[in-house]
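The values are calculated or read from the model by the stated rules, or taken from the named source; none is laboratory data. Remember, it's a predicted structure, so these values are computed and weren't measured experimentally. Every residue, glycine among them, receives a Cβ derived from its backbone with ideal geometry; neighbour counts consider all protein chains shown.
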Amino acid sequence: MRKLNQIMLLIMTASLVAFTSCSKDDDGGSGGNAPSGTLVAKVDGTNYESMEISSSATITNNPSGQSLIIIASNSDGNAFSFTIFGYDGVGTYSFDGSINTGVNVASYSETDVNLNDPVNSVTEMWQAPYENLSVGSISISEETDTKIIGTFEFDCKNIGGDQSIKNITDGSFNLGKQTL
């Protein structure tokens, strides 16, 4: 009986070690669920998915440091754009308008293409941050030589139009990366 108790104790200890050693580093959050090469999100509850051919992440080097620029559009003429100043790899970056310098920017745009007269197509843009508010963030969870993976959420305002607010939730991306 004593031998059986020792074996059970050994099995329970090994199981405990196996389960607790599988933790994940949450520094940049989870990677989200975007298919490779795309950006996905919910815009006021409506699903959005970009096309791989028109979605990318670019890291630029400039005198004040690195910047991350993400651009992703879909076939409906809707697009996301992010600019992160002072980009430093995995981590979370806020869209906070109360900061006086180096404000990170996110935008969402919708283009209504007039097929009969393309010159008269209309584009509306919602921007974050606005009114000196902290309205969301973007988290980079993984960066390699060829890709960037992360998540985001934010509220954005149609500053040049009707002043409406769009709520962007469940955003994630898995994009090819280039460095300039």
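Restricting Asn47, Asn62 to residues that are surrounded by fewer than 16 Cβ atoms within 10 Å (Cβ to Cβ), under 22 Å from Asp155 (Cβ atoms), out of contact with any helix residue (DSSP H, G or I) (no Cβ under 8 Å at 6 or more places or on another chain) and not basic (Lys, Arg) narrows the list to Asn47. From the list Thr111, Thr92, Thr123, the one residue that fits, being closer than 14 Å to Ser139 by Cα, touching a strand residue (DSSP E or B) at 6+ places or on another chain (Cβ under 9 Å) and among the polar types (S, T, N, Q), is Thr92. Taken together, the residues in the range 25-44 that are surrounded by 18 or more Cβ atoms within 10 Å (Cβ to Cβ) and hydroxyl-bearing (Ser, Thr, Tyr) amount to 1.
Checking each residue in the range 24-59 for being modelled with pLDDT of 95 or more and over 14 Å from the mean Cα position of the chain (by Cα) picks out Asp44, Gly45, Thr46, Asn47, Met51, Glu52, Ile53, Ser54, Ile59.
Here Ile84 clears all of (1) buried (at least 20 other Cβ atoms within 10 Å of the Cβ); (2) under 16 Å from Ile168 (Cα atoms) except the condition numbered (2).
Residue pairs whose Cβ atoms lie under 8 Å apart, separated by 6 or more positions or on different chains, with the first residue in the range 113-129 and over 18 Å from Cys156 (Cβ atoms) and the second assigned to a helix (DSSP H, G or I) and at pLDDT below 90, are Asn114/Asn120. Scan the range 90-108 for residues that are at pLDDT 95 or above and on the phi > 0 side of the Ramachandran plot and the total you get is 1. Every condition in (1) surrounded by 13 or more Cβ atoms within 10 Å (Cβ to Cβ); (2) of a type outside the set (Gly, Ala, Ser); (3) over 14 Å from Ile70 (Cβ atoms); (4) at pLDDT 95 or above holds for Thr144 except the one numbered (1).
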